[in-house]
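This is the structure I have questions about; it appears just below.
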Amino acid sequence: MPRSNRPRRNAASTRSNKAAGKWADEAPELDLERARAGIARRESAPDGDWMVRTMTARKAEKQYICPGCSTAILPGIAHLVVWSDNHLFGEAAGLAERRHWHTNCWTTRTYRYR
């Protein structure tokens, strides 16, 4: 008695499906760095909600000034792109005011209240 209710496949049908191309193509290898780089994550902090996206060293092509330490982020250095998730004038304004931060400057920033 079979253990499952599914009918068993015979060897002839398996070979014909492979020949038809159903399992002939192998899946391409997944580039994990590329897959993680484009996704923004939401971070909540005492100074508001932020969208944070990782910029890999390969994709960093321009020079930016980090608002945390006021020094340059040179091309080829991995860093973070940060923008406000709850901007007063909407999502588009928050995205337009995005800033590039050193990863360490972002994680060790102080929350200043005025």
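Bear in mind these aren't lab numbers, they're just calculated from the coordinates by the rules spelled out. Just so we're clear, the structure is a prediction, and the values are computed from it rather than from any experiment. Glycine gets a Cβ as well: all are built from the backbone with ideal geometry, and neighbour counts include every protein chain shown.
Within segment 51-69, name every residue whose backbone N is under 18 Å away from a label modeled 7 Å from Cα of N86 along the Cβ vector.
What the label zone holds, given the 18 Å backbone N cut-off, is 51-52.
If we sort 67-73, 57-63 on the protection proxy, mean other Cβ atoms within 10 Å, highest first, what's the order?
On the way: 67-73: 13.9, 57-63: 11.4.
Output ranking for 67-73, 57-63: 67-73, 57-63.
Please state the relative contact order of segment 50-114 as a whole percent: Cα pairs under 8 Å, 6+ residues apart?
33 percent
If packing is taken as the mean number of other Cβ atoms within 10 Å per residue, what is the order of 43-50, 74-81, highest first? List each step's numbers first, then the result.
Details: 43-50: 12.2, 74-81: 15.4.
Result, highest mean first: 74-81, 43-50.
Within segment 72-114, find all residues whose amide N lies under 17 Å from a label point positioned 7 Å from the Cα of D49 along Cα-to-beta-carbon.
82-96
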